[in-house]
């Protein structure tokens, strides 16, 4: 706190500095930087021993951004859907919401910490009118606690708010699945905490896909493909039903 002005100053962590360095070098892909960034990221994430190396997604993010850049019309208001494979595999996302420009920047296997690392190429560069985020599923499955994941989602929210103060942010609940049904208690705890947080914070919304995919505490197994983790079109029908009411009804002029 600046005692003279009463204004709270942002305190930068080593990870903040790392992200700024990373984004500065992102377009040119400096090969010698990768090892240094990995060491720095590991140091900055020292308090979270279960964090994975975000640099493993480097090439995937580059290709994803190039693909989206070719179809994105910067003159039209944009909605960004991002997160892990449940978003990445939503192949008919644009067709389900045909009156909006949708960018799908999902990347499979990601955790919330990975999205935080790549916020610029996946969200902020497109200055969206609204963003939908699905992260936490892989985090919980890999052993992170609900509180750890929530803290990272709060960091994501803060970063978005710094750049785009007014946009609505929708956090999609962790979904149930056949392959991870043994973790259902942990997932429910996470969803309850996510719900409470989003209800307290102005401009945040909670999309409860969990409750729609479970009937009388029994998982609807007909919603999944053979791997028991990812959804078929029936599963995405439910997601569409849950998400559609949360889309801003009247597009604004796009963010400057």
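Quick notes
- Ranked by the mean number of other Cβ atoms within 10 Å per residue, highest first, peptides 65-73, 120-128 order as 120-128, 65-73.
- Extension gain (nm, one decimal) between residue 193 and residue 221, 0.36 nm per residue minus Cα-Cα: 7.5 nm
- The distance from the alpha carbon centre of the stretch 116-150 to that of the stretch 220-239 is 21 Å, rounded to a whole number.
- Order of 152, 215 - criterion: other Cβ atoms within 10 Å of each residue's Cβ, fewest first: 215, 152
- Förster-model FRET efficiency, 35 Å R0, residue 179 and residue 154, C-beta, rounded to 0.05: 0.80
- Which of 92, 137 has the fewest Cβ neighbours within 10 Å, and the rest in rising order: 92, 137
- Dimensions (Å) - the stretch 56-246, Cα atoms, principal axes, largest first: 46, 35, 31
- Taking the stretch 56-246 and dividing mean pair separation by its residue count, relative contact order in percent (alpha carbons under 8 Å, at least six apart): 18 percent
- DSSP assigns beta bridges within the stretch 56-246; of those with both partners inside it, close to 15 percent run antiparallel.
- For the stretch 80-186: rounded, prolate or oblate by the Cα gyration tensor [a/c cutoff 1.5]: oblate
Every number here is computed from the coordinates shown, using simple stated rules; none is lab data. Every value quoted in this text rests on a predicted model; they were computed, and no experiment measured them. Neighbour counts are summed over all protein chains in view; Cβ atoms, including those assigned to glycine, are modelled from backbone coordinates with ideal geometry.
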